[in-house]
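Structure record follows, encoded as structure tokens.
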Amino acid sequence: MGFVAGLLRRLYDDRQVSLATAASEVYTDTLYQYHGWITSAAFTVALKLVPSREAFLEKLGTPNEELYQQMNAFLDAFQPVLQDVHKFFVEHNLDDPARV
């Protein structure tokens, strides 16, 4: 969930960044710490298959300012949920830092 929210936030904040670049940066910030070299390498390969930013945004709706405002509204509303989930994981020792 953090990866998806981070990716959408990155695309919202930088209207020029490519989807592959944004995904790579957000992966490093969110999931990389949990992945061993095999999983990390698989993600690197998967990045070569992501669509263009434009094609991705078209799947969400017409890529215009209204879409960006909807993304921002979703992210603002989703952030407290994400924080609650993370807090739950920590409180119940489910935030396992072991790499997979």
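The residues of the chain expose, per residue, 67 Å² of accessible area to a 1.4 Å probe.
For the stretch 29-74, the Kirkwood radius over C-alpha pairs fed into Stokes-Einstein at 37 °C and 0.692 mPa s yields D = 256 µm² per second. Can you give the angle from 0 to 90° between the axis of helix 19-30 and the longest principal axis of the chain, with both taken from C-alpha atoms, to the nearest 10? Approximately 30 degrees, to the nearest 10.
Explain nothing, just the number: dipole magnitude of the chain about its Cα centre with +1 on each Lys and Arg Cβ and -1 on each Asp and Glu Cβ, in debye rounded to the nearest 20. Walk me through the numbers before you get to the answer.
On the way: 8 positive and 13 negative charges, 70 e Å.
Dipole about the Cα centre, nearest 20: 340 debye.
What the Cβ-Cβ distance of Asp76 and Leu31 gives, at R0 = 25 Å and to the nearest 0.05, is a FRET efficiency of 0.65. Positive end of the dipole of the stretch 1-91 (Cβ unit charges, origin at the Cα centre): among Leu31, His86, Thr44, the Cα lying farthest that way belongs to Thr44. For the chain, the Kirkwood hydrodynamic radius from C-alpha pairs, put into Stokes-Einstein at 20 °C and a viscosity of 1.002 mPa s, yields a diffusion coefficient of 145 µm² per second. Spacing of the modelled spin labels on Glu65 and Lys87, each 7 Å from Cα toward Cβ, amounts to 3.6 nm. Would you work out what percent of the accessible area of the stretch 16-94, with all protein chains in place, is carbon or sulfur (probe 1.4 Å)? Percent of accessible area from carbon and sulfur atoms in the stretch 16-94: 61.
The values are calculated or read from the model by the stated rules, or taken from the named source; none is laboratory data. Please read these numbers as outputs of a predicted model, since none were measured by experiment. Don't worry about glycine lacking a Cβ; one is built from the backbone with ideal geometry, like all the others, and counts go over all protein chains shown. Quick note on the areas: whole protein, heavy atoms, side chains included, nothing else; ligands and nucleic acids left out. Shrake-Rupley method; radii C 1.70, N 1.55, O 1.52, S 1.80 Å.
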